[in-house]
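Read-outs: derived from the displayed coordinates by stated rules, not from any lab. Source: prediction; values computed, not measured. Note that each Cβ is placed from the backbone with ideal geometry, even for glycine, and that neighbours are counted across all protein chains shown.
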Amino acid sequence: MEEKTILLGIDFSSASPALIELILAEPSESAIFEEVARANRHRPEILSLLVEHPDTPDDVRKHIADIMHLPVKLRVEGVGVQKTLEERSQTILQRIQKLTVSERIQLALKAGKEIRTILLRDPNKEVSLTVLENPKLTETEIELIAKSRSVPDEALRKISKKKEWMKNYNVIQALVMNPKTPAGISLPLVSALRTKDLSLLSKNKNVSDGIRSTAKKLLSARLAH
């Protein structure tokens, strides 16, 4: 619902082609294509962008064909569409790689899920950490980041400091089970684990001896009662 509210606040009649293209790369709903087309009747570059987009509905394509006085170019199903999507994804990656650090930081605050995933792997820590400030970030993404062994330690620290995210049991579990999580963060969280997960943690050889030992003590105390 949050993402839809953000989209409704955009004036598509004056938005740049680059902004519209990024929005259409991960549309929240099919109606967004109709909204963009309706707002850009006199911008052929935007109408062409819609025609070339593999997910543009056929009724929107027909509407654009009427406006531009061109033959209707219907959606292509199957292999052709998949290839186009792969090419678009590669294009996005190439465009991101050409940005300056400052531009990537700005993008991290506004990006959709596909671009956020790319920026989380950015070699510059400030870029990857800024992704965590993106208002569109979902709890599912936070869980995946908390499980990741490739993100910077600072990202795991940042997650642990946000009360809203730490209300999610799966995030707590992911941080404790992640061997990359600093001990100062994971140790206090061990007691919050359910008994079943404590048992798994006590046998997990990927975590530190201190974490495993703490899990065993807590498990023994619970079972004793």
- prompt: Dipole size in debye (nearest 20) for the chain around its Cα centre, Lys and Arg Cβ +1, Asp and Glu Cβ -1?
  reply: 1480 debye
message: Need the full-extension length gain, Thr117 to Ala18, defined as separation in residues times 0.36 nm minus the C-alpha distance. One decimal, nm.
response: 33.7 nm
field: With at most 11 other Cβ atoms within 10 Å, longest stretch of the chain clear of loop GluC sites (Glu not before Pro) (DSSP)
entry: 78-163
message: Output the 0 to 90 degree angle, nearest 10, between the alpha-carbon long axis of helix 209-224 and the longest principal axis computed from the alpha carbons of the chain.
response: 70 degrees
- prompt: Just how large is the dipole of the range 147-186 about the Cα centre, in debye to the nearest 20, putting +1 at every Lys and Arg Cβ and -1 at every Asp and Glu Cβ?
  reply: 80 debye
- line: In order over the range 53-66: 3J(HN,Hα) from phi, Karplus 6.51/-1.76/1.60, θ = phi - 60°, whole Hz, x for each Gly or Pro, gives 6, x, 9, 5, x, 4, 5, 6, 4, 5, 4, 5, 4, 5
- prompt: What does the charge dipole of the range 102-225 about its Cα centre add up to, to the nearest 20 debye, if the Cβ of each Lys and Arg holds +1 and the Cβ of each Asp and Glu holds -1?
  reply: 480 debye
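Which peptide among 211-219, 173-181, 191-199 comes first, and what is the full order, when sorted by highest mean count of other Cβ atoms within 10 Å?
173-181, 211-219, 191-199
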query: Mean residue ellipticity at 222 nm from the helices of the chain, using -39,500 (n - 2.57) per DSSP H segment of n ≥ 4 over the full residue count, to the nearest 500 deg cm²/dmol?
result: -18500 deg cm²/dmol
query: Working out 0.36 nm times the residue gap between His42 and Ala65, then minus their Cα-Cα distance, what length gain in nm do you get to one decimal?
result: 7.0 nm
Among (1) 46, 17, 15; (2) 32, 19, 14; (3) 27, 19, 18, the entry derived from the coordinates for semi-axes √(5λ) of the Cα gyration tensor in Å: (1)
message: Among His42, Pro152, Ser128, whose Cα projects farthest towards the positive end of the dipole of the chain, with charges put on the beta-carbon of Lys, Arg (+1) and Asp, Glu (-1)?
response: Pro152
- prompt: Based on the Cβ-Cβ distance of Gln106 and His225, what FRET efficiency does E = 1/(1 + (r/R0)^6) give at R0 = 41 Å, to the nearest 0.05?
  reply: 0.15
